[in-house]
């Protein structure tokens with residue numbers, strides 16, 4: 001009798017553990033954009049980003065700049081497509097979105113923009129797209145930059 005009760009408890013325990021197991025067919029982070037590599041460097045007058053990105057549904061922030069004063073800067077960028085289409089944009093401190101580029105096979109661009117005090121976020125958006133990105137912010141006074149990707153720049 002004790003053996004049967006112990007065996008029944010053991011079977012119930014095993015079944016309850018199996019019911020809590022993860023689904024092996026579930027896609028993990030299926031809607032997440034990722035950077036296979038992301039390298040951000042800076043000097044006293046520029047910020048350079050090199051990235052290899054896969055985009056799927058979500059926006060992918062690659063550069064977040066927080067400036068203390070208004071700053072006019074020059075942007076240069078090259079986007080090289082492996083597959084899919086992406087857009088390159090930035091979000092201003094007042095939450096406006098500005099489109100910089102809508103890609104073709106290879107997109108090159110130069111822009112002059114004014115960074116407003118606060119956080120400006122540069123990002124890529126696309127669905128099932130893979131790209132190499134080269135992005136530069138030139139003519140920036142790094143002493144006016146409070147943070148780059150949430151880290152204070154070294155002067």
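Read-outs: derived from the displayed coordinates by stated rules, not from any lab. In this text the structure is predicted, and so the values were computed from the model without any measurement. Here the Cβ is made from the backbone with ideal geometry for all residues, glycine too, and neighbour counts use every protein chain on show.
One chain, two ends: residue 70 and residue 96. Fully extended at 0.36 nm per residue, the span grows by 7.7 nm beyond their Cα-Cα distance.
Stretching the chain fully between residue 147 and residue 45 yields a gain of 35.3 nm (0.36 nm per residue, less the alpha carbon separation).
Defining a contact as two alpha carbons under 8 Å apart and six or more residues distant in sequence, what relative contact order in percent does region 34-148 show? Could you put the intermediate results ahead of the total?
Numbers: 320 pairs, mean separation 48.9, N = 115.
Answer for region 34-148 is 43 percent.
Multiplying the residue separation of residue 80 and residue 36 by 0.36 nm and subtracting their alpha-carbon distance yields 14.4 nm.
Packing, taken as the mean count of other beta carbons within 10 Å per residue, orders the peptides 76-83, 96-103 from highest to lowest as 76-83, 96-103.
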